[in-house]
Amino acid sequence: MATIDFNQLLLRNTEFLKPFAVTLTRDNEVAKDLLQETMFRALANKEKYNVGTNIKAWLYTIMRNIFINNYRRKAKQNTIFDATPNEFLLNYNQVTTANAAESGLRLKDIQKAIHGLPEIFRNPFMLYFDGYKYHEIADLLTEPLGTIKSRIHFARKLLKEQLTQF
């Protein structure tokens, strides 16, 4: 498709994107920015557009993905890290102690619940808990990847039911 034809196709479908942008952002100014970014990305990636496919769906997908990425980026930026020094605690005379007996009991209960799982669930769960990736566990146990994911999911579910007191 020629560049001129592609540009005209984009311009004809711009009006359909404006209400969608406003729906996503709920702010006219942010919606204009989202529309502009969508048009820029569409122009930058025109070689990825297949002639004959639904241009509206392609543009809606680009816009939705940009919105989701921006939302995630903002959520990550709003995370507050407390980097203030805790120097005022250096001369604080109060001593706190952890209750080792209570935490030891909980740990024993958790270990008992894990070892009480059926072997079919326990083995993949223990490997996952030890840090193995799903595909590594599937290779070790010579089971399909989906089966391993399912067994680990059900192991977590069983443990959650057994350990509701925590």
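Projecting label points 7 angstrom from Cα along Cα→Cβ for Ala113 and Arg73 puts them 4.1 nm apart. Summing charges over neighbours of Thr61, with a neighbour being any other residue whose Cβ is under 12 Å away from its Cβ, gives +4 when K and R count +1 and D and E count -1.
Summarising the overall dimensions of the range 3-77 from its C-alpha atoms, the Rg and Dmax are 12.6, 40 angstrom.
Normalised by the number of residues in the range 3-77, the average gap of Cα pairs under 8 Å and 6 or more apart makes the relative contact order 35 percent. Other residues whose C-beta falls under 12 angstrom from the C-beta of Ala42 contribute a net charge of +2, scoring Lys and Arg +1 and Asp and Glu -1. Cross-link check: pairs Lys46/Lys133; Lys56/Lys133; Lys133/Lys160; Lys76/Lys157; Lys48/Lys149 evaluated at a Cα-Cα cut-off of 32 Å; pairs beyond the cut-off: Lys46/Lys133; Lys56/Lys133; Lys48/Lys149. Net charge in the neighbourhood of Phe121 (other residues with Cβ under 13 Å of its Cβ; Lys, Arg +1, Asp, Glu -1) is +3.
Taking the Kirkwood radius as Rh and the Cα radius of gyration as Rg, the range 109-162 has a ratio of Rg/Rh equal to 0.96.
Read-outs throughout are calculated quantities, based only on the coordinates presented, and are distinct from any laboratory measurement. These numbers come from a predicted model, not from an experiment. When we count neighbours, we look across all protein chains shown, and the Cβ atoms used for this are built from the backbone with ideal geometry, even at glycine.
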